[in-house]
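Colleague: Take a look at this one; I'll ask things after.
The values are calculated or read from the model by the stated rules, or taken from the named source; none is laboratory data. As the structure is a prediction and not an experimental result, all values here were calculated from the model. Virtual Cβ from ideal backbone geometry, glycine too; neighbours counted across all protein chains shown.
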Amino acid sequence: MASPTLKSFVFRKEREAGWCELEGLISKAQSRGLSALDAEELYRLPILYRGALSSLAVARSISLDKNLLEYLEGLAKRAYVYVYGVKKDYAAAIVRFLKTGFPRLVWQLRGALAAAFLVLAAGTLCGFSLTLRNPDLFFSFVPEELAGGRSPLSTRDELLQVLEGGDEQRSGLAIFASSLFTHNAQIGFLCFALGPAVGVPVVLLLFYNGVVLGAFAAIHQRVDLSLEFWAWVLPHGVTELLAVCLCGAAGLSLGYSIVFPGRYSRLDQLAMAGRRAAAVVLGSVLLFLLAGLIEGFFRQLVTGVVPRIALVIVTAGFWAWYFGVLGRRAE
């Protein structure tokens with residue numbers, strides 16, 4: 001019976017040429033990149049890799065010596081990186097996602113996005129009308145930490161000083177704006193996280209967020225500051241509320257995939273919808289960051305109603321073009 005050493009020698013002699021060729025290709029790729037390999041070498045790389053895996057499997061099955069097994073394992077791991085784990089240009093991938101991927105995914109979710117906007121708008125109208133009729137409901141709709149000192153008891157001068165006042169008022173306004181931003185971001189991410197619960201919590205969260213916004217609008221409407229209030233909210237609110245609705249649309253799409261799985265199993269349909277929804281939420285994070293920049297700089301530095309409304313028109317027009325035109329074109 002042949003000794004293990006003899007078996008290893010014969011086994012290695014029959015296959016060593018392929019291993020050496022594979023090792024040479026890997027070394028060349030490591031030093032100069034995959035672009036250094038010509039067409040024939042790129043064609044040979046996966047073939048030699050599969051040959052090395054086959055040799056490793058045989059070597060394990062017949063219990064060859066440990067050194068040979070370790071060599072083949074290391075060779076297979078190094079080759080795997082260049083066959084299946086090729087490094088990508090992340091900067092180009094990000095640009096491609098922002099240019100075509102993100103707007104295309106949002107265009108695909110346009111039905112769910114429209115539904116999210118309608119629910120948010122319904123909540124806003126409900127909170128506005130109820131608070132306008134009964135101002136005491138403001139305290140039921142809006143948490144004290146979110147109110148930031150504003151209430152139906154605030155006079156017109158007090159509210160106007162906050163919206164267009166000096167540095168001291170702007171400092172308080174910045175704290176309130178930060179709380180509102182955090183609140184909206186939490187609502188958005190909860191909408192996505194609770195989407196698999198057949199979408200019901202998503203609808204409730206979007207509606208509640210609208211109620212809070214409507215309640216704030218109502219206390220300013222009571223003292224004839226409606227235009228000033230919306231001019232303060234919407235410069236960043238267009239982007240921020242769009243991000244909330246995008247997260248809501250992602251959550252609704254998850255709920256829809258569970259209720260109406262189509263020809264796939266519910267688990268498979270949820271997995272497919274989840275990948276698309278997660279990419280949309282990732283893009284929404286960028287919108288939240290952009291809204292934070294607008295809130296932190298432009299709105300605090302510009303106090304006039306006209307330039308604020310101009311920014312609202314510009315941002316609304318840009319997002320309509322980005323998701324409507326670019327998204328449909330990419331689709």
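Colleague: Collect the residues in the stretch 197-213 that are assigned to a helix (DSSP H, G or I) and of a type in the set (G, A, S), keeping them in residue-number order.
Modeller: Scanning the stretch 197-213 gives a single hit, G210.
Colleague: Can you name every residue in the stretch 310-323 that is more than 21 Å from the chain's Cα centre (by Cα) and closer than 11 Å to R104 by Cβ?
Modeller: Once the filter is applied, which keeps residues that are more than 21 Å from the chain's Cα centre (by Cα) and closer than 11 Å to R104 by Cβ, the stretch 310-323 yields nothing.
So that you can scan it fast, the table gives a plain yes or no per residue for (1) touching a Gly at 6+ places or on another chain (Cβ under 9 Å); (2) closer than 15 Å to R110 by Cβ; (3) not hydrophobic (A, V, I, L, M, F, W, C):
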position: V259; (1), (2), (3): yes, no, no
position: V281; (1), (2), (3): yes, no, no
position: L286; (1), (2), (3): no, no, no
position: V325; (1), (2), (3): no, yes, no
position: R328; (1), (2), (3): no, yes, yes
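Colleague: Now for a different question. Is at least one residue of the stretch 227-245 hydrophobic (A, V, I, L, M, F, W, C) and not in a helix (DSSP H, G or I)?
Modeller: no
Colleague: Looking only at the stretch 30-56, how many residues end up being assigned to a loop (DSSP other than H, G, I, E, B) and not aliphatic (A, V, I, L, M)?
Modeller: Of the residues in that region, 2 qualify.
Colleague: In the list L105, L173, which residue meets the criterion of being buried (at least 19 other Cβ atoms within 10 Å of the Cβ), at pLDDT below 90, in a helix (DSSP H, G or I) and touching a helix residue (DSSP H, G or I) at 6+ places or on another chain (Cβ under 7 Å)?
Modeller: When all the criteria are applied, what remains is L173.
Colleague: To continue, here is another question. Tell me, which residue of the stretch 276-331 that is charged (D, E, K, R) and assigned to a helix (DSSP H, G or I) is farthest from A93 (Cα to Cα)?
Modeller: R308
Colleague: Of the residues that make up the stretch 302-313, is at least one under 24 Å from L206 (Cα atoms) and of a type outside the set (D, E, K, R)?
Modeller: yes
Colleague: Quick check on my filter: what residues within the stretch 57-67 are part of a helix (DSSP H, G or I) and buried (at least 18 other Cβ atoms within 10 Å of the Cβ)?
Modeller: A59
Colleague: Going residue by residue through the stretch 228-248, is there one that turns out to be over 22 Å from the mean Cα position of the chain (by Cα) and farther than 30 Å from E158 by Cα?
Modeller: No - not one qualifying residue is present in the stretch 228-248.
Colleague: Examine the stretch 252-271 for a residue that is part of a helix (DSSP H, G or I), acidic (D, E) and either on the phi > 0 side of the Ramachandran plot or surrounded by 15 or more Cβ atoms within 10 Å (Cβ to Cβ) (or both), and state whether such a residue exists.
Modeller: No - not one qualifying residue is present in the stretch 252-271.
Colleague: One residue is enough: does the stretch 141-155 have a residue meeting the conditions farther than 30 Å from R329 by Cα, over 21 Å from the mean Cα position of the chain (by Cα), at pLDDT 90 or above and surrounded by 20 or more Cβ atoms within 10 Å (Cβ to Cβ)?
Modeller: yes
Here is a yes/no grid of residues against (1) closer than 24 Å to V119 by Cβ; (2) free of Cβ contacts under 8 Å to residues at least 60 places away in the same chain; (3) of a type outside the set (V, I, T):
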{"position": "P235", "(1), (2), (3)": "yes, no, yes"}
{"position": "L246", "(1), (2), (3)": "yes, no, yes"}
{"position": "V259", "(1), (2), (3)": "yes, no, no"}
{"position": "P307", "(1), (2), (3)": "no, yes, yes"}
{"position": "A310", "(1), (2), (3)": "no, yes, yes"}
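Colleague: If you check L290, L326, which single one turns out to be touching a helix residue (DSSP H, G or I) at 6+ places or on another chain (Cβ under 8 Å), more than 17 Å from A114 (Cα to Cα), surrounded by fewer than 20 Cβ atoms within 10 Å (Cβ to Cβ) and touching a residue at least 60 places away in the same chain (Cβ under 8 Å)?
Modeller: Step by step, each of L290, L326 is checked, and only L326 is touching a helix residue (DSSP H, G or I) at 6+ places or on another chain (Cβ under 8 Å), more than 17 Å from A114 (Cα to Cα), surrounded by fewer than 20 Cβ atoms within 10 Å (Cβ to Cβ) and touching a residue at least 60 places away in the same chain (Cβ under 8 Å).
Colleague: If I ask for residues that are at pLDDT 85 or above and of a type in the set (G, A, S), which ones from the stretch 58-78 would you list?
Modeller: Scanning the stretch 58-78 gives G74, A76.
Colleague: Can I ask one more? Condition check: surrounded by 14 or more Cβ atoms within 10 Å (Cβ to Cβ) and assigned by TED's automatic domain parsing to the domain that holds S253. Does G296 satisfy that?
Modeller: yes
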